[in-house]
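Engineer: Shown below is the structure under consideration.
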Amino acid sequence: MTATDYFDVVIVGAGPSGLMATTWMARTGIKTLLIEKKSGRTLAGHADGLESRTFEILNSFGFGESIWMESNKTIDVCLWSSSGGYLRRDSVSPNHEPGLSRFQEATLGQGRIEEHLLNFVKQHSSVKIKWETVPISLKISDGKCDDPGSYPIEMRNDCSERTIRARYLVGCDGAHSWVRKRLGLFLEGDQTPNGHWGVLDCIPITDFPDIRKRCIIKSDAGNLMIIPREKKLVRFYIQVSPLVAARFKVDYHSSTLIAVLRDILQPYTFNTLHIEWSTIYTIGQRLCSTFSVMNRIFLAGDAVHTHSPKAGQGMNVSMQDSYNLGWKLSSVLRGVATSEILHTYQTERLPVAERLIAFDRRMCFGICSTEKDPSENANDRFSNLRPTLSEENSCAAGIGVVYGPSILMTSSSDCDSAANVEDTQSPFPQSKHHLATCITVGGRMPSQRVLCQSDSRPWHLQDRLVSTGQWHLIIFGGDITDGIQKTRLNQLTNSLSHPESLINSINLSDGSPVGSLAAYLVHTAPREKVEFMELPAILRPFDKEIGYDYSRVFADNASSGEGCGEAYQGYGVSSRGCMVLVRPDQHVAFIGALEDTNALYAFFTRFAVTK
Ligand SMILES: Cc1cc2nc3c(=O)[nH]c(=O)nc-3n(C[C@H](O)[C@H](O)[C@H](O)COP(=O)(O)OP(=O)(O)OC[C@H]3O[C@@H](n4cnc5c(N)ncnc54)[C@H](O)[C@@H]3O)c2cc1C
């Protein structure tokens, strides 16, 4: 018998999706082994586009702001085309839709993002990383899968004689995923014949005027995309013929790509003395429609969906996959949720991948096609592309993802009686969307600026929704100096803090936030009329060592010169208020009136494991 090492979770692949999964495990203290074939992080090239939702996610772990500061913002998108051999700028338009997120699309090399994630992971002792290691065998014992405490996964790797046993396995090992192949699963789809594109990362020396803006160029000599990046770098996507693609693959020399690039950019000049990375790829869209096996093995990122890098979605959707999975795994492993919640990984993320694949097809068609739409302006070479670009700014940026009803998500109703579940055993509490008309049940909680009751500082409410595995209950209490609203608030907080309340019975004894519920108040009373110490204790938790938590109560008041005072309006909440339950991944699970505690508890009863 060989010696055996036991892990709660084994993650294969330290790319963006594997590192995001590992980040969750590190944050929630789950014993994890991360296995990576390479000797370290990505050093150059690969993905570089970060969408606003990804920034929000990275920020929820505490390092989004530093990545944001380091990245290059792509504010505008310019469309250029040539006619009669003359290259001209057709339009300049915003590269994002204002108001959806405080972050917008930006670029930074994949390696830097991996480094930020790795730095976070390395601060946590529950994770062990094995570089230059690949798994060589995988077995799953069917009989043990129903037992939550069992280790049904048995693996070996190429660097050790020891056996690895795990409760869960996450395959984040990219498009050629070994884990996926071992499960007998395939990526299905196709490649576009002759859809070859070269990729060149360099510091350009050029007189092309929009080199620091995102550009899509359709010239008589071919199609080109320009993506400005950090540190004066620019990424060029260059459409090439099959002949050029074949020539490049002989010696992988970037001069082959530069020759085509120069042709397309004429009459502008191009030179470079600093080339960071170059490659070539063929456009294709492929999807594996199975994201999990026996609720024990999960696949994420490129392992289950691959597509062109045209819209810069690859790294984003891959990280968002494992962001969706990570907190669910931690909740089950920490014993606060039933393993049934793990089924929602596939039901929530597969539709996102399907939409991504369809979107990428439209994007590629819009960028690659040279045809003009006869029904539109005959000179407009971008008529196929414009709707897709605007879709990219809203839905495709991850902000538009809405998860459907499930054990972890209520359905939405406009009926006022919807959430009045008298019997807490009722399995189907519904949300009252009309109480917060600008918040979508299933969508991520949008951010509004509010003033902290204690220090009057403006905060983005989303900054409070940190990723720790904790649920967030945002109570919109209205004007709590009004007797009726005050009573309604007190009844709700009394119910939540009752020693026998269901919410109190989910807390872990070691003080870990995983699975617990944090309550916040956003009120509309003038903040000088509200006394912090008179507020219900659940809104100002006390710690023997660090005193009161001052960051749970906010006023929707105007602040001098800093905006604020429009949160209720922005969320579509009336003066009667409501409560909004936000999952650990910032998606809104339930909206109810302040009285709808039974519905709230009925929701948790569906999956929570109580003491
Ligand atoms: C050459 C190339 C160029 C790209 N260019 C762009 C681009 O310009 N823009 C864009 O948005 N996207 C681009 N992508 C796609 C983008 O990088 C991916 O969508 C994103 O990285 C997916 O993240 P992931 O973690 O799922 O997979 P990956 O980033 O592929 O990470 C998988 C990891 O698993 C490791 N691994 C693989 N097999 C094993 C094994 N058996 N054992 C252990 N470890 C293993 C790999 O070494 C790798 O570190 C590119 C991808 C590649 C490969």
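Engineer: Modelling each spin label as a point 7 Å along the Cα-to-Cβ direction, I'd like the Ser559/Thr279 distance in nm, to one decimal.
Structural biologist: My value for the distance between the label points is 4.3 nm.
Engineer: Follow-up. Pairwise over distinct Cα atoms, reciprocal of the mean inverse distance: report the Kirkwood radius of the chain in Å, one decimal place.
Structural biologist: After inverting the pairwise mean of 1/r, the radius is 25.9 Å.
Engineer: Using modelled backbone amide H atoms (1.01 Å from N, in-plane), which distant-in-sequence or interchain residues come within less than 5 Å of Glu230's amide H?
Structural biologist: The list, which skips near neighbours in sequence, is Asn72, Gly109.
Engineer: For the chain, with every protein chain kept in place, what is the accessible area per residue (1.4 Å probe, Å²)?
Structural biologist: 40 Å²
Engineer: Let me ask you something else. Antiparallel as a % of all DSSP beta bridges within region 411-605, to the nearest 5?
Structural biologist: 55 percent
Engineer: Could you tell me the calculated FRET efficiency between His253 and Ser141, based on Cβ-Cβ distance and R0 = 51 angstrom, to the nearest 0.05?
Structural biologist: Given R0 = 51 Å and the Cβ-Cβ separation, E is 0.50.
Engineer: Let me ask something else about it. How many angstrom separate the Cα center of region 48-72 from the Cα center of region 291-355?
Structural biologist: 20 Å
Engineer: On to the next question. If you project the alpha carbons of region 411-605 onto the principal axes, what extent comes out on each, in Å, largest first?
Structural biologist: 47, 41, 32
Engineer: Need one number: % antiparallel among DSSP beta bridges in the chain, to the nearest 5.
Structural biologist: Approximately 65 percent, going by the DSSP bridge assignments.
Engineer: Cα gyration tensor of region 1-136, axes a ≥ b ≥ c as square roots of the eigenvalues: rounded (a/c below 1.5), prolate (a/b > b/c) or oblate?
Structural biologist: prolate
Engineer: Between Glu188 and Glu65, what FRET efficiency follows from the Cβ-Cβ distance if R0 is 60 Å, with the result rounded to 0.05?
Structural biologist: Efficiency, from the Cβ-Cβ distance: 0.95.
Engineer: Sticking with this structure for a sec: Starting from 0.36 nm per residue, how many nanometres of slack lie between Leu243 and Ala3 once their C-alpha separation is accounted for?
Structural biologist: Here the answer is 81.0 nm.
Engineer: So how far, in whole Å, is the C-alpha centre of region 75-128 from the one of region 465-512?
Structural biologist: Taking the Cα centre of each part, region 75-128 and region 465-512 sit 38 Å apart.
Engineer: Run the simple label-point estimate for Ser411 and Arg89 please: 7 Å along Cα→C-beta, distance reported in nm.
Structural biologist: 5.1 nm
Engineer: In addition: Using the Cα centre of the chain as the reference point, and only Cβ charges (+1 on K/R, -1 on D/E), how large is the resulting charge dipole? Debye, rounded to the nearest 20.
Structural biologist: 1240 debye
Engineer: On a straight-distance basis, which lysines could pair with Lys486 in a cross-link, Cα separation under 17 angstrom, same-chain partners fewer than 8 positions away excluded?
Structural biologist: Those lysines meeting the cut-off are Lys529.
Engineer: Let me make sure I get this right: for region 279-345, a, b and c are the square roots of the gyration tensor eigenvalues over alpha carbons, sorted descending. Under 1.5 in a/c it's rounded, otherwise prolate if a/b > b/c, else oblate. Which is it?
Structural biologist: Judged from the Cα gyration tensor, region 279-345 comes out prolate (a/c at least 1.5, a/b above b/c).
Engineer: Taking amide H atoms as placed 1.01 Å from N in the peptide plane, list the residues 5 or more away in sequence, or in a different chain, whose amide H sits under 5 Å from that of Leu521.
Structural biologist: Answer set, sorted by chain and number: Ile475, Val553, Phe554.
Engineer: Turning to a different aspect of this structure: Of Lys128/Lys310; Lys249/Lys310; Lys31/Lys73, which ones are farther than 26 Å apart at the Cα?
Structural biologist: Distance filter (> 26 Å) returns Lys128/Lys310; Lys31/Lys73.
Engineer: How would region 188-325 be classified by its alpha-carbon gyration tensor: rounded, prolate or oblate, with rounded meaning a/c under 1.5 and the a/b versus b/c comparison settling the rest?
Structural biologist: In terms of gyration-tensor shape, prolate.
Engineer: Ignoring any ligand, DNA or RNA, what whole percent of the accessible area of region 411-605 comes from carbon and sulfur when the probe is 1.4 angstrom?
Structural biologist: About 48 percent, which is the carbon plus sulfur part of the accessible surface.
Engineer: Put +1 on the Cβ of each Lys and Arg and -1 on the Cβ of each Asp and Glu in the chain; which of Thr42, Thr256, Leu521 then has its Cα farthest toward the positive end of the dipole?
Structural biologist: Value computed over the given set: Thr256.
Engineer: State, to one decimal in nm, how far the label point of Asp549 lies from the label point of Met533, with both points 7 Å from Cα in the Cβ direction.
Structural biologist: The modelled label-to-label distance comes out at 2.1 nm.
Engineer: Find which of Ala106, Val401, Ile591 sits farthest along the positive direction of the dipole of the chain, computed with +1 on the beta-carbon of Lys and Arg, -1 on that of Asp and Glu, about the Cα centre.
Structural biologist: Checking the options against the dipole of the chain, the answer is Ala106.
Engineer: Same structure, new question: Whole angstrom only: what separates the Cα centroid of region 132-195 from the Cα centroid of region 216-287?
Structural biologist: 35 Å
The values are calculated or read from the model by the stated rules, or taken from the named source; none is laboratory data. Keep in mind that what you see is a predicted model, and the values were worked out from it rather than measured. With ideal geometry, Cβ positions are generated from the backbone for all residues, glycine too; neighbour counts draw on all protein chains shown. Only protein heavy atoms, including side chains, enter the accessible area calculation; ligands, DNA and RNA are left aside. Shrake-Rupley method; radii C 1.70, N 1.55, O 1.52, S 1.80 Å.
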